[in-house]
Amino acid sequence: MNRIGQNPWLGLNAYSEGSILYGRDDDTIKLTQLVLYNSDAVLYGKSGVGKSSLLNAGLLPMIRRKGFQPLSIRLDHRLEALPYALQIRNAIENADVTIRNIATSTAQIPLLWELFHGNLFFKEDQRVPLLIIFDQFEEIFTLQHNTRLRQEFFNEMADLVNEVRPRAVSSEGNLPEPTTEENEIRNLDDSIDLDFTVPEE
């Protein structure tokens, strides 16, 4: 009798979103809390330990129920590739998220700060906070051989997560200062619901 289809353990195959992830409840809760209560988080480990499964079947369902729109992005590091901020913007638009501009850009090259502080994001006319997941982030070290581009991206990320307005963004560009509004959108609480049942419409 073939029991493969009845076996809840997938071995080395990654669980997808919607699958039930057995035995990782504590890891799922800790990762979800880490993501919800911090502006950035790093998930790392050896290949095959279950990082993708924890993200797909653990984190993503919880994050969606908290009102977030998760978005996985794998950056292109080729010489002819678009600037990183444009790659991220394109990925957001390709996920059917509407970007509504609320400020005038002043930097010659698009910056991550301007992308996330100068725009609002909507999914089906409902404003949503985004969760950006950089897939294979380590490739920026192995595939991006232009040290200037790599360092510029790190500087932009540092400004973004530390809420520091970049020097390249003029104060006259009417970009709003950081606020706590995103925390209001998240509606954070201490409870993490592990019930992954999808309600009937």
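The values are calculated or read from the model by the stated rules, or taken from the named source; none is laboratory data. Computed from a prediction, not measured in an experiment: that's the story for all the values here. Because the Cβ atoms are built from the backbone with ideal geometry, glycine has one as well, and the counts that use them run over all protein chains shown. Only protein heavy atoms, including side chains, enter the accessible area calculation; ligands, DNA and RNA are left aside. Shrake-Rupley method; radii C 1.70, N 1.55, O 1.52, S 1.80 Å.
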*State whether the residues of region 186-201 include one that is surrounded by 11 or more Cβ atoms within 10 Å (Cβ to Cβ) and either at pLDDT 95 or above or of a type in the set (S, T, N, Q) (or both).*
no
*Which condition does PHE137 not pass, out of (1) at pLDDT 95 or above; (2) of a type in the set (A, V, I, L, M, F, W, C); (3) part of a loop (DSSP other than H, G, I, E, B), if it passes all the others?*
(1)
*Matching residues, region 38-66, being under 13 Å from the mean Cα position of the chain (by Cα) and not β-branched (Val, Ile, Thr)*: ASN38, SER39, ASP40, ALA41, LEU43, LEU55, ASN56, LEU59, LEU60, ARG64
_Looking at (1) open to solvent by 20 Å² or more (accessible area, probe 1.4 Å); (2) modelled with pLDDT of 95 or more; (3) over 16 Å from the mean Cα position of the chain (by Cα), which one does ASP125 not meet, given that it meets all the others?_
(2)
*Looking at region 67-93, which of the residues that are within 18 Å of LEU120 (Cβ to Cβ) and open to solvent by 70 Å² or more (accessible area, probe 1.4 Å) is nearest to the chain's Cα centre (by Cα)?*
ARG89
*Kindly check whether there is at least one residue in region 152-168 that is without any contact (Cβ under 8 Å) to a residue 40 or more places away in the chain, under 15 Å from LEU79 (Cα atoms) and not charged (D, E, K, R).*
no
*asked:* Exactly one condition in (1) open to solvent by less than 40 Å² (accessible area, probe 1.4 Å); (2) not in a loop (DSSP other than H, G, I, E, B) is false for MET157; which is it?
replied: (1)
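Looking at THR32, is it open to solvent by 50 Å² or more (accessible area, probe 1.4 Å), more than 21 Å from GLU156 (Cβ to Cβ) and at pLDDT 90 or above? Spell out the reasoning first.
Numbers: open to solvent by 50 Å² or more (accessible area, probe 1.4 Å): no; more than 21 Å from GLU156 (Cβ to Cβ): yes; at pLDDT 90 or above: yes.
Criteria not met by THR32.
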*Determine if region 70-84 includes at least one residue that is part of a loop (DSSP other than H, G, I, E, B), within 21 Å of GLU114 (Cβ to Cβ) and touching a residue at least 24 places away in the same chain (Cβ under 8 Å).*
yes
_Residue within region 38-54 that is modelled with pLDDT of 90 or more, open to solvent by less than 60 Å² (accessible area, probe 1.4 Å) and either under 30 Å from LEU149 (Cα atoms) or in contact with a Pro (Cβ under 8 Å, 6 or more places away or on another chain) (or both) present_ = yes
*asked:* Just the residues that are open to solvent by 80 Å² or more (accessible area, probe 1.4 Å) and part of a strand (DSSP E or B), please, taken from region 95-115.
replied: ARG100, ASN101
*Within region 34-62, restricting attention to residues that are touching an Asp or Glu at 6+ places or on another chain (Cβ under 7 Å) and of a type in the set (A, V, I, L, M), which residue is farthest from ARG24 (Cα to Cα)?*
LEU60
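Restricted to region 29-73, and to residues that are small (Gly, Ala, Ser) and out of contact with any helix residue (DSSP H, G or I) (no Cβ under 7 Å at 6 or more places or on another chain), which residue is farthest from GLU139 (Cα to Cα)?
Here the residue is ALA57.
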